[in-house]
Amino acid sequence: MNTLDQATAQRIVDRTMPVIGHSVNVMTPEGIIIASGDSRRVGEMHEGARTVAKTGTPLVVDEAQAGEYPGVRPGVNLPVVMSGSVVAVVGISGTPDKVLPYADLLRITAELILEQAALIEVTRHRRNQIQNTLQALLDGELVPEDWPQQIGLDLHKPRIAVVLAANKPTSPWPPDMATLSRDLERTEPEALVLLTRQRYLAFFFTERPAAEALNAALGRIPATSRNSVSAATGTVFHNNLKACYESAEATLKAGNQRQPSGGHFSFQDFPLAALWQSLSPGWQQLQLNQAIRPLLAHPRREQYLKTLRTFIEADGDIQRCASQLHLHRNSVRYRLKGIETLTGWSPFRLEDLLFLYMAMENR
C-alpha cells in the first residue's frame, strides 16, 4: 500500500485521540493534512511533515521552533513506515514534554491500522481475481494456466457445485457478497462462491455428498432467506468447474420445471431431465412441444400429467402407480390409454415413454 486514503487516516485519528487526549494529525508524505482532530486543518500544508518524510526521522517542535515550519504547531511528528518506505506522517499537537510519551503509541497504532488496511485491500483484490477467473471459466473462456496458481486456486481437486436462486424477483437477493466470501474464506478456505450473470449464487465445494453440499450452501445465507430460494446440487467433476456449475444449473431448471414454487433438488434425483436441460436443444424442443400439445390442452391435463409422472416414478409398474394414486389399476390403465390416444405415444412402450418423459420435462 503506497498511498494513504482519507478514510484510513481518519480512522487513525478516531482510534488514538480518545487514548492520547491530544489532537492528532495524519499527513501525506507531501505534507498535506488529510485527517485531524481539528477539522479546520484538513487540507492545509504541514511543512514539518514534509521534513519528516524526507529524513525518515521524528521531528519535535516547541513554541520557539514552530515559526520555522509554516502550518506547524508545537508537538511531535513521526514517520509511518511500511515496506521500508514512509507512507504517512502522524503528529500530536501539544507541549512536547506532554505528548512525547504518546509518540510511539501513535506511530505503532498507525502502522497497525495501515497494515490492516493493506491486508484488506490485498484480500479484496484476490477475491476479485477469483471472481473474475471463475466467471471466465464458466463462460468457457481460455484462462492462462498461471492465473489459478497466482490466486491459490487448485482446479484439480474434485468439486461439486450448488446453485441457489431467488424464487421471486422481489426477494432480497443476493446476500452481501463481501461478507459471504470473507466468512467462507475463514471457515472453509477451499470452497468458492460466485454471483453469476444470471444472479445465481454458485458454491463450489470440494468433493462431498450432495446433501452435505446443499446444507453447507444453505447454511451460508441468512435464515430468513432460505425458504425463499431454490437450490440444486450438480455432480462431481475433476478440473472442470464449468461442468460442475452447468450440472447444478441444469438440475435447478429441471427441478423448477417439476416444482414451479421452488425446492431443493439433486442431480441424482432426475439425471436424464438435468442432462436434457443442459443440452439447450432447439428444434428438438419444438418436436416435443408439438407431440404433447394435445395433452396439455385437454381439460384433464393435470390428471393425465400426474398419472404419467407417477407411472414413470413407479418404473412402469401399474400396480405401484395405482397404489400411490389411490386408484384401481384399471383406472390407471384407462388414463394411460387416454394419453396414448391424445398424443400418439404409448406409455406402455419404453421408447415412447422416454419420449413422453422428455416432453414433460421440456414443457
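Quick notes on this structure:
- Qualifying residue in region 179-198 (condition: out of contact with any strand residue (DSSP E or B) (no Cβ under 7 Å at 6 or more places or on another chain), modelled with pLDDT under 85 and open to solvent by less than 30 Å² (accessible area, probe 1.4 Å)): no
- Pairs meeting the criteria (first residue in region 328-348 and under 14 Å from ASP317 (Cα atoms), second residue charged (D, E, K, R), beta carbons under 7 Å, at least 6 apart or on different chains) are PRO347/GLU340.
- Verdict on VAL24 being touching a residue at least 60 places away in the same chain (Cβ under 8 Å), closer than 20 Å to LEU114 by Cβ, open to solvent by 20 Å² or more (accessible area, probe 1.4 Å) and out of contact with any Phe, Trp or Tyr (no Cβ under 7 Å at 6 or more places or on another chain): no
- Taking first residues from region 242-262 that are farther than 12 Å from LEU138 by Cα and partners that are of a type in the set (D, E, K, R) and modelled with pLDDT under 90, the Cβ contacts under 9 Å between residues at least 6 apart in sequence or on separate chains come to THR251/ASP269; ALA254/ASP269; ALA254/GLU361; GLY255/ASP269; GLN257/GLU361; GLN257/ARG363; ARG258/GLU361; GLY262/LYS168.
- Checking ASN215, ASN227 one by one, the residue that is open to solvent by 60 Å² or more (accessible area, probe 1.4 Å), free of Cβ contacts under 8 Å to residues at least 24 places away in the same chain, out of contact with any His (no Cβ under 8 Å at 6 or more places or on another chain) and within 25 Å of LEU134 (Cβ to Cβ) is ASN215 and no other.
- Listing of helices (runs of 4 or more DSSP H) fully contained in region 66-178 that carry 2 or more residues being within 30 Å of THR55 (Cα to Cα): 96-99, 103-138
- Restricting region 240-267 to residues that are among the polar types (S, T, N, Q) and either under 13 Å from ALA165 (Cα atoms) or at pLDDT 90 or above (or both) leaves a set whose member that is surrounded by the fewest Cβ atoms within 10 Å (Cβ to Cβ) is SER261.
- Qualifying residue in region 81-97 (condition: of a type in the set (D, E, K, R), closer than 15 Å to VAL13 by Cβ and either open to solvent by 80 Å² or more (accessible area, probe 1.4 Å) or touching a Pro at 6+ places or on another chain (Cβ under 9 Å) (or both)): no
- Options PHE237, PHE204; residue that is in contact (Cβ under 8 Å) with a residue 24 or more places away in the chain and open to solvent by less than 30 Å² (accessible area, probe 1.4 Å): PHE204
- From LEU296, LEU327, residue being more than 20 Å from ASN256 (Cβ to Cβ) and open to solvent by 20 Å² or more (accessible area, probe 1.4 Å): LEU327
The values are calculated or read from the model by the stated rules, or taken from the named source; none is laboratory data. The model shown is predicted, which means the values in this text are computed figures rather than measured ones. Neighbour counts run over all protein chains shown; Cβ positions are idealised from the backbone, glycine included. Remember, those area values only see protein heavy atoms, side chains included, never the ligands or the DNA or RNA. Shrake-Rupley method; radii C 1.70, N 1.55, O 1.52, S 1.80 Å.
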